[in-house]
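The values are calculated or read from the model by the stated rules, or taken from the named source; none is laboratory data. Treat the numbers as computed from the prediction; the structure is a model and nothing was measured. Here Cβ is always computed from backbone atoms with ideal geometry, including for glycine, and neighbour counts include all displayed protein chains. Each accessible area value is taken on the protein alone, full model and side chains, heavy atoms only, with ligands, DNA and RNA left out. Shrake-Rupley method; radii C 1.70, N 1.55, O 1.52, S 1.80 Å.
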Amino acid sequence: MRKALRWLLALTVLIGTLGTAGAATAAGPEATGTTDIKERLLSVPGMSLVEEKPYPGYRFFVLTYTQPVDHRRPAGGTFQQRITVLHKDTARPTVFYTGGYGVSTTPRRAEPTQIVDGNQVSLEYRFFTPSRPEPADWSKLDIWQAAGDQHRVFTALKGIYPKNWISTGGSKGGMTATYYERFHPHDMDGVVAYVAPNDVVNKEDSAYDRFFRTVGTEECRDRLNAVQREALVRRAPLEEKYRAYAAENGHTFDTIGSLDRAYEAVVLDYVWGFWQYSTLADCERIPADAKNATDDEIWTSIDTIVGFSAYADQGLSPYTPYYYQAGTQLGAPTVRFPHIEKKYVRYGYQPPRNFVPRSIDMRFQPHVMRDVDTWVRHHARHMLFVYGENDPWGAEPFRLGHGARDSYVFTAPGMNHGADVAGLVAEEKALATARILDWAGVAPSTVRENPAAAKPLARFDAELDERDVERERTLRP
């Protein structure tokens, strides 16, 4: 493996057209030309300013952009889609980021943006509020339409940011970046997709069962399984606690159907949620003797890792667009629980249909993910997939076939759903960084001569580069 990696590092000097490195620069008059960057952005038809926020070395804009509800029929209605622009310099490359959900209006820098020392355009996914058409025609929420949103934004801003573009995103954002590449393969110069699930056959989920049989250590798995089982054994007293909790917080359960269904859904997410967001070292915080733990200890452990608000109407509503997509195109995992007797499990892993109001029609399209998977295997160009070794969502990853070129799938040892390039082993980290710099057209001469020397061009900024994994919902990529 090490020999192969050294060979790949050497080979990268011969792959593709290597760009010329640019010195890191701060945003200023020289970076925007004779016209102020805000004026240039607002000169784009359909672009409106919400606010500008200061950040040292950058200019940060919150904007809205007019998009057609249906890209097949642009005249059939529009909506305002929220965008942010972290402006560095029009002479620098641009990273196109989406998390696949809402967009943060606080300045943040994705890892590829730090690596290439570039600009960042971030896009809110359609149908996440406030980027939702009114009235909402849910049939227009699919991966093709979302890719059309990105294509129009790229087309509108390419004239302002003419250098190379890299698309990126984590989890559902990594999926989004991949789907965008599938439908518009000539827009981006590279793709960096983090922890992107790839549920090709929705009804076949044995990969998750295999994952949970071996992840971490036997001791940690036993602790987690015991707490999860105990929470169902003590269902009656803990549901009384849940009922009081729901009343205190004004939570209702109309969408999922009952407090009992919501309680089991939270408990069955527990083991998955631990591995998605925690590390092996965090096992020390799991009750070691579940049978003799107090009700409060069991409740607190479940609530800390999953959150008892997750399946209340108030917890589900912000993520209706995700559950809709999971139930119509993306697919959703199903996991077995061999450590829990059947008499304690009433519902099992519930389908996405249970988390979406019944007034919204849903029909699953089984061909969509297979199409994307086939395309990636045979046509991937300049694509990097990064997974975490202990992340359940990585149990069904994207894989590359013989048709892929200059593309890679790497796994960060011991990492969870927050896996990144920085967490890869040294050789893979250097290779990934070198390829990102090359795709962005800013590989320094030292990297062209020796890819093993590749490092991010911008210094780490503790505030700007904060990359906490979203914890609002467990079984959500």
Exercise. Give, in nm to one decimal, the length gained when the segment between Ser445 and Ser359 is fully stretched (0.36 nm per residue of separation minus the Cα-Cα distance).
Key: 25.1 nm
Quiz prompt | Relative contact order computed over the chain (Cα-Cα under 8 Å; 6+ residues apart), in percent | solution = 20
Quiz item: Which one of Thr155, Cys283, Trp299 has its Cα pushed farthest toward the positive end of the charge dipole of the chain, where Lys and Arg give +1 and Asp and Glu give -1 at the Cβ?
Solution: Thr155
Quiz prompt | Rounded to whole Å, sorted largest first: equivalent-ellipsoid semi-axes of the chain, Cα gyration tensor | solution = 38, 27, 21
Quiz prompt | Per residue value of the accessible surface for region 297-437 (all protein chains in place, 1.4 Å probe), Å² | solution = 40
Quiz item: Of all the accessible heavy-atom surface of region 143-218, with the other protein chains kept in place and a 1.4 Å probe, what percent is carbon and sulfur?
Solution: 53
Quiz prompt | 10 Å Cβ shell holding at most 11 others, DSSP loop, GluC sites (Glu not before Pro): longest site-free stretch of the chain | solution = 1-203
Quiz item: Is it possible to state the helix-based mean residue ellipticity at 222 nm for the chain, with each DSSP H run of 4+ residues giving -39500 (n - 2.57), the sum divided by total residues, to the nearest 500 deg cm²/dmol? What is it?
Solution: -10000 deg cm²/dmol
Quiz item: Put Lys203, Lys429 in order of accessible area, largest first, 1.4 Å probe: what do you get?
Solution: Lys203, Lys429
Self-check item: Segment Thr66-Thr300, length gained on full extension (0.36 nm per residue, minus Cα span)
Solution: 79.8 nm
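If you roll a 1.4 angstrom probe over the protein chains with everything in place, what fraction of the accessible area of region 332-464 belongs to carbon and sulfur, to the nearest %? Before the final figure, lay out each step's value.
Details: 3210 of 6350 Å².
Of the solvent-accessible surface of region 332-464, carbon and sulfur hold 51 percent.
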Self-check item: Three-way shape label, region 141-255, alpha-carbon gyration tensor, a/c 1.5
Solution: prolate
Quiz prompt | Dimensionless Rg/Rh of region 234-284 - Kirkwood Rh, Rg from C-alpha atoms | solution = 1.07
Quiz prompt | Set of aspartates and glutamates near Lys241 by C-alpha distance (under 13 Å), chain-local residues within fewer than 8 positions excluded | solution = Asp260, Asp295, Asp296, Glu297, Asp303
Practice problem: Measure out, as a whole number of angstrom, how far apart the alpha-carbon centroids of region 72-135 and region 234-275 sit. | Solution: 34
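Using the heavy atoms of the protein chains alone and a 1.4 angstrom probe, what is the accessible area of region 45-195 per residue in square angstrom?
31
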Self-check item: For Ile286, solvent-accessible area (1.4 Å; no DNA, RNA or ligand), Å²
Solution: 10
Quiz item: Taking a spot 7 Å from the Cα of His186 along the direction of its beta carbon, which residues of region 79-113 have an amide N less than 18 Å from it?
Solution: none
Quiz prompt | Protein accessible area in region 225-309, 1.4 Å probe - carbon and sulfur % | solution = 47
Self-check item: region 398-477 versus region 351-394: alpha-carbon centroid distance in Å
Solution: 21
Practice problem: Return the ratio Rg/(2.2 N^0.38 Å) for region 387-458, where Rg is computed over Cα atoms only. | Solution: 1.19
Quiz item: Helix 2-11 versus the longest principal axis of the chain: what is the Cα-based angle in degrees, 0 to 90, to the nearest 10?
Solution: 30
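For His339 and Glu219, calculate 0.36 nm times their separation in residues minus their Cα-Cα distance, and state this gained length in nm to one decimal.
That works out to 41.8 nm of additional length.
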